[in-house]
Amino acid sequence: MPRRKFNSYIPSKWAKTKVLNKHSHIQKYIPTTSLFSKDELRKYLNRYRVVFIKPDTGSKGKGILQAEIDSKYHLKWNTQHKSFRTYNGLFSKLKERMTNRKYVIQKGIHLLTSDGRPFDFRVMIQRNKDGVWEESGIIGRLASKNKIVTNGAQGATLHPIHTLLEPYLSESEIDGYVSLLYDLGKQTAKKLRKKFPDVWEIGMDVGIDNELRPWIIEVNTRPEYEPLSKLEDKTIYRKLVKNWKYKQKLGYKRYK
């Protein structure tokens, strides 16, 4: 019998968010998210003051924009920053930057920072050869200077979770936080797999706000391994590859 080709890649942020929002114990960790529209943007800005606009099927942080309101309206992308006196001025510039595809809008989270640069964490969860969800590792991602996203493709650097959280938590508190993130990752993976049966691994991006509350910013079902191969400690990378090689034998393909 030929091996089945499993497609575990779920590109739509909106599709994954809708699934996870059905589960109250996970929903409380997800920033308010909607499909983008002019009215939704106005509503989100008035309510949250800072929002992110993301391509629904984008990757590597490409095309993400940040809108903000104080005495003026502000728009940020890459390392660019423009200010506007009116909402229509902001929206006009925003539409210039957006391509002809679906976008989502998400409540902005004021992330913890290191040296003035925001950081978040990639939590890696995989099913092992026994079909049990297990943690493969957590790595911190520190945004490049003046960047609004923490993706490696946008210049972010990788750091151990203890290094980034040390100014905010004690060693034992960090260990407890790691356990919380792993538990949340496993719950998230299980719920996604119920809807999308071919999912066997996730890279869950978690931001932590100034009150030390975790937020699931995004869940990737085809997380990249290669950046982790460049770390001095390759423990996480080796574990990811080990599980991946087993899945290859079953017919899994990491393709779109």
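Starting from region 9-27, take each residue that is farther than 18 Å from VAL206 by Cβ and list its partners that are of a type in the set (Phe, Trp, Tyr) and open to solvent by 50 Å² or more (accessible area, probe 1.4 Å), counting only C-beta distances under 7 angstrom and pairs at least six apart or across chains.
TYR9/TYR255
For ILE64, only one of the following conditions fails: (1) on the phi > 0 side of the Ramachandran plot; (2) surrounded by 15 or more Cβ atoms within 10 Å (Cβ to Cβ). What is its number?
Going through (1) on the phi > 0 side of the Ramachandran plot; (2) surrounded by 15 or more Cβ atoms within 10 Å (Cβ to Cβ) one by one, ILE64 breaks only (1).
Please state which one of ILE208, ILE216, ILE236 is within 17 Å of VAL178 (Cα to Cα), in a helix (DSSP H, G or I), touching a helix residue (DSSP H, G or I) at 6+ places or on another chain (Cβ under 9 Å) and among the hydrophobic types (A, V, I, L, M, F, W, C).
Numbers: ILE208 fails: in a helix (DSSP H, G or I); ILE216 fails: in a helix (DSSP H, G or I).
Result of the check over ILE208, ILE216, ILE236: ILE236.
Counting only residues that are of a type in the set (D, E, K, R) and without any contact (Cβ under 8 Å) to a residue 40 or more places away in the chain, how many does region 103-133 have? Write out each step before concluding.
First, pick out the residues of region 103-133 that are of a type in the set (D, E, K, R): 107, 115, 117, 120, 122, 127, 129-130.
In the following step, the residues that additionally are without any contact (Cβ under 8 Å) to a residue 40 or more places away in the chain were identified as 115, 117, 130.
So the answer is 3.
When you look at ASP120, is it open to solvent by less than 10 Å² (accessible area, probe 1.4 Å) and among the charged types (D, E, K, R), yes or no? Give the steps one after another, and end with the answer.
Details: open to solvent by less than 10 Å² (accessible area, probe 1.4 Å): yes; among the charged types (D, E, K, R): yes.
So ASP120 passes the test.
Do we have THR221 as hydroxyl-bearing (Ser, Thr, Tyr), in contact (Cβ under 8 Å) with a residue 60 or more places away in the chain and in contact with a helix residue (DSSP H, G or I) (Cβ under 8 Å, 6 or more places away or on another chain) here? Step through it out loud before you land on a result.
Values: hydroxyl-bearing (Ser, Thr, Tyr): yes; in contact (Cβ under 8 Å) with a residue 60 or more places away in the chain: yes; in contact with a helix residue (DSSP H, G or I) (Cβ under 8 Å, 6 or more places away or on another chain): yes.
In short, yes.
Only one of (1) at pLDDT below 95; (2) in contact with a helix residue (DSSP H, G or I) (Cβ under 9 Å, 6 or more places away or on another chain); (3) farther than 20 Å from THR17 by Cβ; (4) not aliphatic (A, V, I, L, M) fails for ASP130. Which number is that?
Among (1) at pLDDT below 95; (2) in contact with a helix residue (DSSP H, G or I) (Cβ under 9 Å, 6 or more places away or on another chain); (3) farther than 20 Å from THR17 by Cβ; (4) not aliphatic (A, V, I, L, M), the lone unmet condition for ASP130 is (2).
Could you tell me whether region 152-168 includes any residue that is open to solvent by 80 Å² or more (accessible area, probe 1.4 Å) and within 16 Å of GLU134 (Cα to Cα)? Walk me through how you get there before you give the answer.
Start the filter on region 152-168 by keeping residues that are open to solvent by 80 Å² or more (accessible area, probe 1.4 Å), which leaves 166-168.
Now restrict to residues that are within 16 Å of GLU134 (Cα to Cα): none.
Looking through region 152-168, none of the residues is open to solvent by 80 Å² or more (accessible area, probe 1.4 Å) and within 16 Å of GLU134 (Cα to Cα).
Just need a number here: residues in region 43-86 that are over 30 Å from ARG222 (Cβ atoms), in contact with a helix residue (DSSP H, G or I) (Cβ under 6 Å, 6 or more places away or on another chain) and either of a type in the set (S, T, N, Q) or in contact (Cβ under 8 Å) with a residue 24 or more places away in the chain (or both).
Here the count works out to 2.
The values are calculated or read from the model by the stated rules, or taken from the named source; none is laboratory data. Source: prediction; values computed, not measured. Cβ sites come from the backbone with ideal geometry, for glycine too, and all protein chains shown count toward neighbours. These accessible areas exclude ligands, DNA and RNA; they are computed on the full protein's heavy atoms, side chains included. Shrake-Rupley method; radii C 1.70, N 1.55, O 1.52, S 1.80 Å.
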